[in-house]
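Chemist: Shown below is the structure under consideration.
The values are calculated or read from the model by the stated rules, or taken from the named source; none is laboratory data. These figures come from a predicted structure and were not determined experimentally. Please note: Cβ atoms are built from the backbone with ideal geometry, for glycine as well, and neighbour counts cover all protein chains shown. Each accessible area value is taken on the protein alone, full model and side chains, heavy atoms only, with ligands, DNA and RNA left out. Shrake-Rupley method; radii C 1.70, N 1.55, O 1.52, S 1.80 Å.
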Amino acid sequence: MNDRLQELTVFVRVGESGSFTRAARDMNLSQPSVSRIVGELEARLGVKLLLRTTRRLTLTAAGEKFLDRARAVLADLHEAEDAARGVDSLRGAIRVALPVVFGMREVIPRLPGFLARYPLLRVDLRVSDAYQDLVAEGVDVAIRLGRLADSAFGARKLAVLPRFVVAAPSYLKVRGMPRHPADLANHDCIVGSSGLGRECWLFKRRSTIISVDVAGRIQTDSAPGRYASALAGLGIAQVSAAMCAAELRSGALVALLAGYALEPVEVHAVFPAGPRPSFKVQAFTDYMMAALDTGPLAPAA
């Protein structure tokens, strides 16, 4: 039975990652061992599960069906083990994908409390602003900012981040303080790198939507780039509370246009394994949801 469970575990990792080498690395096995285990599984079943070429592995039709069922079997087994032990005895590793700034400022500082609560768990962090292939990377849960694209992944909203229009005191000293969103048309604004150098920014005041076309000499699609440009005095930027809270408190950045709200940013936990997260993923998201709700995501008044 243990051999069959190992076969399922290895095959699922190979099927998800599309690579014997990556599966071997993730499972601390040698690449020949992984290849042998999958070969023995295919021989026992009498079907071809993978098509092997010099460049890639591809699941056959039978392999795709077997992967779905094997993944479900392993999930049920892990859930049964966790239920028997109880949540307080969760163990093993949880692989978490984080965006850089939000991860460094809001999630990682809260991990000591999570690990203290679950001392048998380990956290494997994948910190990157690039949208990784979560299944291929074997990620258990990913933190995503903004609107989610439609997918078969499960998701849970953890928090909502206010956004602010900000500028450095050095910029405002030279260019003056905007009093109304329309004033932004006469300022240097940090815009996305569409190539046009212009954007339409939307504000809400009570039930009224106000749109203003803005332009600037700095263009970037990177949120850290917008923050850094504003901090350097290069213009006015839209940034989330998670990115600028400390700088607003210190005075390094100034929040502008009080009373005019930008659309907030939603924070979601995404579950690549589907809408039913494992006990350890559930524990992580429960903890982070409570921690983010009490944490200083917005600047002090």
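Chemist: In Å², what does the accessible area per residue of the range 13-68 work out to with a 1.4 Å probe? Intermediate results must be reported in sequence, preceding the final value.
Modeler: Values: 3330 Å² over 56 residues.
With the other protein chains kept in place, the range 13-68 gives 60 Å² per residue.
Chemist: Carbon and sulfur: what percent of the chain's accessible surface (1.4 Å probe)? Please list the in-between numbers first.
Modeler: On the way: 8500 of 15940 Å².
Reported share for carbon and sulfur atoms: 53 percent.
Chemist: Identify which of the listed values of mean projected area of the Cα convex hull in nm² was calculated from the structure shown: (1) 19.3; (2) 16.1; (3) 17.8.
Modeler: (1)
Chemist: What lysines does K48 reach when the alpha-carbon gap must be under 23 Å and sequence neighbours fewer than 8 apart in one chain are set aside?
Modeler: Output for K48: K65.
Chemist: Also, I was wondering about something else. Leaving ligands, DNA and RNA out of it, work out the accessible area of H78 with a 1.4 Å probe and give it in Å² to the nearest 10.
Modeler: We get 100 Å² for H78.
Chemist: Also: Where a Cα-Cα gap under 25 Å defines reach, which lysines qualify for K204, not counting those fewer than 8 residues away within the same chain?
Modeler: Straight-line reach from K204, under 25 Å: K157.
Chemist: Follow-up question, since we're still on this one. Who wins for biggest fluctuation among V101, V174, V34 in a Gaussian network model of the chain, springs between alpha carbons below 10 Å?
Modeler: It is V174.
Chemist: Students sometimes get this wrong: rank R276, R206, R156 by accessible area, probe 1.4 Å, all chains present, largest first. Walk me through the intermediate numbers first.
Modeler: Values: R276 140, R206 190, R156 65 Å².
Descending accessible area places them as R206, R276, R156.
Chemist: Give me the one-decimal nm value for the distance between modelled label points at R175 and A62, 7 Å along each residue's Cα-to-Cβ direction.
Modeler: About 6.5 nm separates the two model spin labels.
Chemist: Next question, about the same structure. Under 10 Å, Cα contacts only: if you run a Gaussian network model on the chain, which one of G233, G46, G103 comes out with the highest mean-square fluctuation?
Modeler: G46
Chemist: Here's a follow-up. Out of the DSSP beta bridges found with both residues in the chain, what percent are antiparallel (nearest 5)? Before the final figure, lay out the partial values.
Modeler: On the way: 30 of 42 bridges.
Around 70 percent of the beta bridges assigned by DSSP in the chain are antiparallel ones.
Chemist: Give the calculated FRET efficiency between S193 and A72 to the nearest 0.05, with a Förster radius of 41 Å applied to their Cβ-Cβ distance. Walk me through the intermediate numbers first.
Modeler: On the way: r = 43 Å, r/R0 = 1.04.
For R0 = 41 Å, the calculated efficiency reads 0.45.
Chemist: Compute the relative contact order of the chain as a whole-number percentage, counting only Cα pairs closer than 8 Å that sit 6 or more residues apart in sequence. Could the numbers behind the result be given before it?
Modeler: On the way: 495 pairs, mean separation 62.8, N = 301.
RCO, the chain: 21 percent.
Chemist: For L253, which sequence-distant residues (separation of 5 or more, or a different chain) have an amide H within less than 5 Å of its own amide H, given hydrogens modelled in the peptide plane?
Modeler: Amide H neighbours of L253: L248.
Chemist: Using a Gaussian network for the chain with springs between C-alpha atoms less than 10 Å apart, which of these wobbles most: V267, V38, V166?
Modeler: Judging by the Gaussian network model, the answer is V38.
Chemist: What is the Cα centroid distance between the range 250-269 and the range 119-150, reported in whole angstrom?
Modeler: Between the Cα centres of the range 250-269 and the range 119-150 lies a distance of 25 Å.
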